[in-house]
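Novice: One structure coming up, written as structure tokens, with questions to follow.
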Amino acid sequence: MKKIVLLVSCLCLVVFSCKENEQEEVKDSINETAVTEYLDNSGKEDRFLGGIKMIPIQTPKGEFKVWTKRVGNNPKIKVLLLHGGPGMTHELYECFDGFFPQEGIEYYYYDQLGSYYSDQPKDLSLWDLDRFVEEVEQVRVSLGLNKDNFYLYGQSWGGILGMQYALKYQDNLKGLVISNMVASIDDYNKYSAEVLAPKLPKEVLDEILKYEAAEDYSNERYLDLIIQNYYPKHVIRMPVDEWPEPLNRAFKHVNPDVYVTMQGPSEFGIKGNATLLNWDVKDRLKEITVPTLTIGATHDTMDPEHMKWISTEVQNGRFLLCPDGSHLSQFDDQKVFFEGLIDFIKDVDDGSF
């Protein structure tokens, strides 16, 4: 009898072992298929240039082209990245390559008109928020993004552009991410002057304000004071000589015409006759119904409490705090940043948000 029981037990172990092996083989096969499909560009029109597509944009001053680059294939999840600046580049987001592909997320790098890899017309009237909104819409149409798959990610100036786009075109969105940006320039300026500035050593702040008062923004000493004292605390919390190579490259490629026209010449808030000086959509946030993630950081140039507040003002929001991060928290609080961003995208995708 004992022999029979032992024999049956052995047979069960063999059967269960075979089933487990079969299940693992099926799982591996599914994963391999998913990876193969994600990397398969054989049916894509942009295959010749490895995902790069120059998109024609119609503007009041004629037609120009903007640079985009697709990474991966996922018909359900497509993320368009709006860079900051204005006038910076997609290079600030190259670290997404280390996190999005293994999650099966399709995403698009994009240099807005005037930025390094796109056309750079000299007409300053083009650097207008409403015109940029229409540009994003044209990019969306050209890339075939729609309400079933289109996630819009905007950081800093890109967050302004993302909010403004959603207020007009949110019916085209599946999800919105507002990263490191508040909903009012006046609130940003107050936070910079009343909260962040006093944190600098008094002698450093006094010297910075001296150059600001003289509007001597291009003075090398002024720029050095900002880069050595302000940036490592509130823009990217790393020693200057350890800044990521893509960030250094993006700084080399910035278009000052776009930046100064919209943001102004100061690195200490938005001032002068900058076109974004009076931008404020706090009273309109309740109009945004699409699932929305706001990302703030403890050491950001933007008030993280304001970012949290935005998530409660929109109709379907969530807040992510990067406790060790600053304005570029995709670099200096990377683990928290990407885990929270990916969780949001997947929660919206599977309907659990």
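Novice: Consider the stretch 223-256. How many of its residues are of a type outside the set (Phe, Trp, Tyr), surrounded by 14 or more Cβ atoms within 10 Å (Cβ to Cβ) and outside any helix (DSSP H, G or I)?
Specialist: The total comes to 7.
Novice: With respect to Glu25, determine if the residue is among the acidic types (Asp, Glu) and either loosely packed, with under 10 Cβ neighbours inside 10 Å or modelled with pLDDT of 75 or more (or both).
Specialist: So Glu25 does not fit the description; no.
Novice: Out of curiosity, is Thr301 among the polar types (S, T, N, Q), out of contact with any Asp or Glu (no Cβ under 8 Å at 6 or more places or on another chain), more than 19 Å from Met238 (Cα to Cα) and surrounded by 21 or more Cβ atoms within 10 Å (Cβ to Cβ)?
Specialist: Taking the combined requirement at face value, the residue does not satisfy it.
Novice: In addition: Are there any pairs, at least 6 apart or on different chains, whose C-beta atoms fall under 7 Å, with the first in the stretch 111-122 and over 11 Å from Thr68 (Cβ atoms) and the second open to solvent by 80 Å² or more (accessible area, probe 1.4 Å) and of a type outside the set (A, V, I, L, M, F, W, C), and if so, which?
Specialist: Matching pairs, first to second residue: Asp119/Lys65; Pro121/Lys61.
Novice: Could you list, in sequence order, the residues of the stretch 273-297 that are open to solvent by 60 Å² or more (accessible area, probe 1.4 Å), part of a loop (DSSP other than H, G, I, E, B) and free of Cβ contacts under 8 Å to residues at least 60 places away in the same chain?
Specialist: Asn273
Yes/no per residue for (1) at pLDDT below 95; (2) farther than 23 Å from Asp97 by Cα; (3) touching a strand residue (DSSP E or B) at 6+ places or on another chain (Cβ under 8 Å):
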position	(1), (2), (3)
Lys286	no, yes, no
Thr301	no, yes, no
Phe319	no, yes, yes
Ile345	no, no, yes
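Novice: While we're looking at this one, here's another question. Just checking, how many residues over the stretch 254-274 are out of contact with any Pro (no Cβ under 7 Å at 6 or more places or on another chain) and on the phi < 0 side of the Ramachandran plot?
Specialist: 14
Novice: Within the stretch 30-45, identify whether any single residue is part of a strand (DSSP E or B) and more than 14 Å from the chain's Cα centre (by Cα), and answer yes or no.
Specialist: no
Novice: Please determine whether any residue of the stretch 4-20 is open to solvent by less than 70 Å² (accessible area, probe 1.4 Å) and at pLDDT 75 or above.
Specialist: No: zero hits.
Novice: Separate question: For Gly43, all conditions in the list (1) at pLDDT below 95; (2) closer than 30 Å to Thr275 by Cα hold save one; what is the number of the exception?
Specialist: (2)
Novice: List, please: which pairs have Cβ atoms under 7 Å, are six or more places apart or on different chains, and start with a residue in the stretch 75-99 that is farther than 26 Å from Gln263 by Cα and end with one that is open to solvent by 10 Å² or more (accessible area, probe 1.4 Å) and of a type in the set (D, E, K, R)?
Specialist: As it stands, the answer is Lys76/Asp349; Ile77/Asp349, since those pairs meet every condition given.
Novice: Are any residues in the stretch 46-75 modelled with pLDDT of 95 or more, of a type in the set (D, E, K, R) and open to solvent by 70 Å² or more (accessible area, probe 1.4 Å), and if so, which ones?
Specialist: Within the stretch 46-75, Lys61, Glu63, Lys65 meet the criteria.
Novice: Could you look through the stretch 182-222, keep only residues that are outside any helix (DSSP H, G or I) and more than 27 Å from the chain's Cα centre (by Cα), and pick out the one that is surrounded by the most Cβ atoms within 10 Å (Cβ to Cβ)?
Specialist: Leu200
Novice: Turning to a different aspect of this structure: Consider Ser142 carefully, then state whether it is in contact (Cβ under 8 Å) with a residue 24 or more places away in the chain, open to solvent by 10 Å² or more (accessible area, probe 1.4 Å) and touching a strand residue (DSSP E or B) at 6+ places or on another chain (Cβ under 6 Å).
Specialist: In short, yes.
The values are calculated or read from the model by the stated rules, or taken from the named source; none is laboratory data. Note that the coordinates shown come from a computational prediction; the quantities given were computed from them, not determined experimentally. FYI the Cβ positions are ideal-geometry reconstructions off the backbone, even for glycines, and counts take in every protein chain you see. Calculation scope for accessible area: heavy atoms of the full protein, side chains included, ligands and nucleic acids excluded. Shrake-Rupley method; radii C 1.70, N 1.55, O 1.52, S 1.80 Å.
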